[in-house]
1. Taking the stretch 263-351 as the region of interest, what is the percent of Cα-Cα pairs per 5 angstrom bin, listed from the shortest bin to the one with the maximum distance?
2. First measure r as the distance between the Cβ atoms of residue 90 and residue 5, then evaluate 1/(1 + (r/R0)^6) with R0 = 51 Å and state the FRET efficiency to the nearest 0.05.
3. Per residue and in cubic angstrom, what volume does the convex hull of the Cα atoms of the stretch 1-132 have?
4. Rounded, prolate or oblate: pick one for the stretch 206-323, where a ≥ b ≥ c are the square roots of the eigenvalues of its C-alpha gyration tensor, a/c under 1.5 means rounded, and failing that, prolate if a/b is larger than b/c, else oblate.
5. Decide, for the stretch 95-229, between rounded, prolate and oblate: order the square roots of the alpha carbon gyration tensor eigenvalues as a ≥ b ≥ c, take rounded if a/c falls under 1.5, and otherwise choose prolate if a/b is larger than b/c, else oblate.
6. Bins of 5 Å, beginning at zero and ending with the bin holding the largest distance: percent of Cα pairs per bin for the stretch 132-172, please.
7. Measure off 7 Å from each Cα along the Cα-to-Cβ vector at residue 68 and residue 346, then give the distance between these two points in nanometres to one decimal.
8. Between helix 331-344 and the chain, what is the angle of the helix's C-alpha long axis to the longest principal axis, kept within 0 to 90° and rounded to the nearest 10?
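Rule-based calculations on the coordinates, nothing more; no lab input. Bear in mind the structure is a predicted one, so any value in this text is a computation, not a measurement. Heads up, the Cβs are rebuilt from the backbone with ideal geometry, glycines too, and the neighbour counts pull from every protein chain shown.
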């Protein structure tokens, strides 16, 4: 069974030869992945993924070929993304804070959305290389909520949701149209899956009231998903950090097939599997706040085995770190995660 077949079997809630595996490299601080690659003798990012047994590939997010630690990120450095949002590198030289939100200074009518052509520069090439062997995904993270609050500013956008609905509706409608065109391009190129996502959850609950999410975001997400599925036989992935239990039934209702990352620090993956495991595939589930960053290799082993024993039955589980790993994460914990998952995640599972 090759990686693509393995993932497809799991997504259909059937048991493949083993639990599929994925990664979550944050290209702002890939430090532990670079150290793991050096330790394993992997020369490229693709070489590292093959050695670890990673079954999925992405277009539009992490198609870099070389693994290296960014050298240009120094404290105080200011840079601008394609949307015109400006960031400043914080004192640790790793993380950033937003210092400029375009829609606080430019009217929506005067704001030009960026071209997404650059994302597709090499997309066809990568899909051609990967498509037969791996499960290939087109990434459209920060789909609606996150890019809106980056453009407008977090506090200002939350106020807008209550006090300026006409502005919010116009902005979200433009974003919906933009994402739909982008998604169609991915489908035309032959991806298996479209990755959507907005961080609408915090550790203790939703960042906005579920009813507010249902008012503004659910109908647009449904329209986007419905239209994408009309254009191709694709799976839909949805990402949100934090505790999003109140809207999981809504996500299933509008056609989400894969939910990431099932952050175990604030949601119990076993509970999600018990309630929704026949309708949705769990992706992630391994703590980066505690286990990967602060735990030992033995701690990683225990968590992976626990996740397999409680969430892998009947398929519907893809194991990965629940977020990008912090630079302080021991690289041997990465190796332990994948080695343990490959050893203990083979079907039929031992009870």
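1. 3, 15, 28, 25, 18, 9, 3, 0
2. Taking R0 as 51 Å, the efficiency between residue 90 and residue 5 is 0.75.
3. So the per-residue hull volume is 160 Å³.
4. Verdict is prolate for the stretch 206-323.
5. Numbers: a/c = 1.92, a/b = 1.66, b/c = 1.15.
Cα axes put the stretch 95-229 in the prolate bin.
6. Reading upward from the zero bin: 6, 21, 26, 15, 8, 7, 6, 5, 4, 2.
7. Between residue 68 and residue 346, the label points sit 3.9 nm apart.
8. Long axis of 331-344 versus the principal axis of the chain: about 60 degrees.
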